[in-house]
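Have a look at the structure below before the remarks.
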């Protein structure tokens, strides 16, 4: 999907400009995951690139706090 392609390009640009930076990819609308059109191979590749790929729901709050905690921890550890 287009949104994931944009996220990948943004991450590549960030790496080119500032080097390795921690990054968490949030897959929103986890409560509607059955409607997602994301290729499992793409998710696998993203998991190898990001410090975390988290399925979250802004609507229910599911996974949001733990995702931000993981990003903060990665930033503090310089990952």
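When restricted to residues that are more than 20 Å from residue 2 (Cβ to Cβ) and at pLDDT 75 or above, region 25-53 contains 2.
Of the residues that sit in region 1-24 and are part of a loop (DSSP other than H, G, I, E, B) and surrounded by 10 or more Cβ atoms within 10 Å (Cβ to Cβ), which one is modelled with the lowest pLDDT? Result: 1.
The values are calculated or read from the model by the stated rules, or taken from the named source; none is laboratory data. Everything quoted here is computed from the prediction, not taken from an experiment. Glycine also receives a Cβ, built like all others from the backbone with ideal geometry; neighbour counts cover every protein chain displayed.
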